[in-house]
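See structure below.
The values are calculated or read from the model by the stated rules, or taken from the named source; none is laboratory data. These numbers were taken from a predicted model, which means no experiment stands behind them. Virtual Cβ from ideal backbone geometry, glycine too; neighbours counted across all protein chains shown. The accessibility values were calculated without ligands, DNA or RNA, using every heavy atom of the protein model including side chains. Shrake-Rupley method; radii C 1.70, N 1.55, O 1.52, S 1.80 Å.
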Amino acid sequence: MKTTILKKAFWILAILLILIGIYGWYIRLFFGHTEANYGNIITWGLWVAAYIYFSGLSAGSFLVSSMVYVFNDTKFERIGKLSVFTALVTLLMALLSIWADLGHMNRVWYVMVYPNFKSPMAWMIYLYSTYMLLLFCEIYFLLRYDFVVGKKQANFKGRICKILSLGSNDTSEKSRMRDKKIVKILATVGIPMVILFSGGVGTLFGVVSARPHWHSGLFPILFLISALVSGVALVTLVSAIFQDGFTKNKSTVVELGKFVLFLLLIDVLFQISEFLIAYRGGIPGHIAGWDIVTSGQYAWVFWGWQGVIGTLIPILLLILPTRKSPVWVALAGLLIAAGIFGLRLNIVIPGLAVEEIHGLTSAIFNHRVDLHYFPSISEWLLTFGIIGFGMFLFGLGEYFLPKSEEVTEEH
Amino acid sequence: MKKENIISRREFIGQLTKIGALGLATYVSQKAFGSTETATNNKQKHRYGMVIDTRRCVGCRACVMACKAENGTPLGIYYTLVFDEILQNKPSDKPIYMTKPCFHCQKPSCVDMCPVSATFKREEDGIVVVDYDRCIGCRYCMTACPYSARWFDFGENYPAVAENTDYAAIPSPEYNQFRERKPHTSPIGNVRKCTFCIHLQDEEGKYNKKEGRWPACAKTCTAHAIFFGDLNDPESEVNILLREHNYIRLKEELGIEPNVYYLI
């Protein structure tokens, strides 16, 4: 009874977010960038932060699934399919966010026909495209058997399964072994790909020598680690709420809690090292970005959101006796996943919010030549819409994906 | 016998793929890590640059206006700007004025960032340009420019040249393309920048000061503080100035060798 209320609330929230998101997309598509608040100084805003955040979630979730399908980790076996699904949904969210950010959305395919191999961004786009194809293939071979079995149902679900099975009818043991083999290959190929693209986003920022806040050798590693933290944290949360996981995935959630704590501590270590080196070096250009992060107008994002909510409370939850309770572990997952979004904002915006030449923003008075940035309503709404879209896909997955009991039965 | 044949064919195809992969890898790595600088230097007929005399600049901002009038840039886009600053370690409180176009660097950091090669340094004269029809508007080059010389066209207009007014129909001569300003069409949604007014070049790629085919800011400067010319020509005005004066270039430490010099 309680779960049906929660489910209803989930669907209502998802649809509500999509509806307000439609307004954001309407503004974006019909009025271009005029309603966005980023400018010529802070050239990237909320959408870029959302993109690196969602892509990080995808990388982390994929890692969990690879532990199952490559390293045969039995602890996480129950959530293998779920984490591949999470990786796919969050990747789609990431691509939508960055697509909206382009000045000419219709020209996105130019990267394929006019490649520039010197551009880290071009490499990222190739990697994402390949990774997306890989995820679609992997999820198909993971679920092919379930779809073929599901076809036999006479209801709506059966019809959907028929479409998704892509005409396959084979339920033999041999075909299932073949699927397993293909999944293993795809999951293995996916690991270097995930490392390349989540480190690659860090490279995209790190190579920009004009922005001292980004220009650090630690950046690719930092991006990789925080991507893994956020992704595993999200999988922890999702496996607790997905398909009654709350009661059924108990031990998996607790195990994931240990894993995410380990990753989070490494992430904190890297961030402290980045912070300390910048401040001890004391070069004004290098600490200008950090000054904005730690004592600027939005310092609460760093200390409150990222520090207390995203790091301190989850660490406590995961080392105190609450670590044994899936409720608290799932909550810690939620907090960590939310906290990393603060981290993403604090990478993109402070790196740009510094005058490259002193006096730039006072040379002219224009709202596009400004060191202050807060996302506009249409930027927020579009991002909420993408979150709603993601929730909607999760809802569909909840309904269509094979229940986790069936998963354990198989093995 | 037949079996052997199949194996050798396989081997042959395998070898072929290996050679192909090797070729592709060499091509990609050459593209990715090879130096553009040597390639451009050989072919570069002209190296256009500027010498800006900060001692002469009075901060009137006529260059900013001239640039706007010449290129028809919309609200929020300034190919050149004038900074005024009171330097902390100077004995007098007389401000320093400085105008800042795009520096058309020898090793531009923006060009290599573009995922679609929409922005590039022209081989013949080293001017860094943007192909409006190719630019996807990702703004990566803007983050990469250490001088904030790149501007995104958000599609905003001055009230006088707003849509449906007579002024809006006047095309911009930029790149000799004469584009009319309409929503959803380039250059709206593109990154724009100073081009040293290349639409004023003749067929041979030469400017002429006497005929008025000269970058608008340099032509207008009331205090004669902006000098423009070919840095490859040893007798050009800019080279004579650089020989006879002390100059600086901004952010020399980044190694991107800007082609705009300041006399101080």
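Of the residues that sit in the stretch B:130-160 and are touching a His at 6+ places or on another chain (Cβ under 6 Å) and not β-branched (Val, Ile, Thr), which one is nearest to the other protein chains (Cβ to nearest Cβ)? Walk me through how you get there before you give the answer.
Step one: filter the stretch B:130-160 for residues touching a His at 6+ places or on another chain (Cβ under 6 Å), giving B:136-137, B:154.
From what is left, the residues that are not β-branched (Val, Ile, Thr) are B:137, B:154.
On the way: B:137: 2, B:154: 5 Å.
Only one residue fits best here, namely B:137.
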Inset, instruction - Could you list, in sequence order, all residues of the stretch A:126-162 that are among the hydrophobic types (A, V, I, L, M, F, W, C), closer than 20 Å to residue A:109 by Cα and open to solvent by 40 Å² or more (accessible area, probe 1.4 Å)? - result: A:132, A:133, A:136
Legend entry - Failed criterion for residue B:171 (all others in (1) exposed (fewer than 15 other Cβ atoms within 10 Å of the Cβ); (2) more than 8 Å from every other protein chain (Cβ to nearest Cβ); (3) without any contact (Cβ under 8 Å) to a residue 60 or more places away in the chain; (4) in contact with a strand residue (DSSP E or B) (Cβ under 8 Å, 6 or more places away or on another chain) hold): (3)
Inset, instruction - Starting from residues that are more than 9 Å from chain A (Cβ to nearest Cβ) and open to solvent by less than 10 Å² (accessible area, probe 1.4 Å), keep the ones in the stretch B:103-129 and report whichever is farthest from residue B:146 (Cα to Cα). - result: B:125
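Give the stretch B:174-200 a look and list any residue that's touching a residue at least 40 places away in the same chain (Cβ under 8 Å), at negative phi and open to solvent by 30 Å² or more (accessible area, probe 1.4 Å), or say none.
Taking the stretch B:174-200 as the starting set, the residues that turn out to be touching a residue at least 40 places away in the same chain (Cβ under 8 Å) are B:174-175, B:177, B:179, B:181, B:186-187, B:189-198.
This time we only want the ones that are at negative phi, so: B:174, B:177, B:179, B:181, B:186-187, B:190-195, B:198.
Of everything in the stretch B:174-200, those that are touching a residue at least 40 places away in the same chain (Cβ under 8 Å), at negative phi and open to solvent by 30 Å² or more (accessible area, probe 1.4 Å) turn out to be B:177, B:179, B:181.
Hey, among the residues in the stretch B:52-70 that are in a loop (DSSP other than H, G, I, E, B) and away from every other protein chain (no Cβ under 14 Å), which one's most open to solvent (accessible area, probe 1.4 Å)?
By that ranking, first place goes to B:55.
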Legend entry - Residues of the stretch A:273-322 satisfying the condition of being surrounded by 13 or more Cβ atoms within 10 Å (Cβ to Cβ), in a loop (DSSP other than H, G, I, E, B) and of a type outside the set (Ser, Thr, Tyr): A:296
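Got at least one residue in the stretch A:53-62 being in a helix (DSSP H, G or I) and surrounded by fewer than 24 Cβ atoms within 10 Å (Cβ to Cβ)?
First, the residues of the stretch A:53-62 that are in a helix (DSSP H, G or I): A:53-62.
Restricting the remaining residues to those that are surrounded by fewer than 24 Cβ atoms within 10 Å (Cβ to Cβ) gives none.
No, the conditions are met nowhere in the stretch A:53-62.
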Legend entry - Selection count where residues are more than 9 Å from chain A (Cβ to nearest Cβ) and under 25 Å from residue A:43 (Cβ atoms), scope the stretch B:71-102: 9
Legend entry - Pair list, Cβ < 9 Å and 6+ apart or interchain, from the stretch A:267-286 residues that are farther than 24 Å from residue A:358 by Cβ to residues that are loosely packed, with under 13 Cβ neighbours inside 10 Å and acidic (Asp, Glu): none
Legend entry - Candidate set: the stretch B:202-229, residues that are among the aromatic types (Phe, Trp, Tyr) and part of a loop (DSSP other than H, G, I, E, B); chosen: the one nearest to residue B:44 (Cα to Cα): B:207
Inset, instruction - For the stretch B:145-161, indicate whether the set of residues that are in contact with a Lys or Arg (Cβ under 8 Å, 6 or more places away or on another chain), open to solvent by less than 10 Å² (accessible area, probe 1.4 Å), among the hydroxyl-bearing types (Ser, Thr, Tyr) and without any contact (Cβ under 8 Å) to a residue 60 or more places away in the chain is non-empty. - result: no
Legend entry - Boolean, residue A:170 is of a type in the set (Asp, Glu), surrounded by 15 or more Cβ atoms within 10 Å (Cβ to Cβ) and over 30 Å from residue A:51 (Cβ atoms): no
Legend entry - Set A:369, A:329: member being part of a loop (DSSP other than H, G, I, E, B), among the β-branched types (Val, Ile, Thr) and open to solvent by less than 10 Å² (accessible area, probe 1.4 Å): A:369
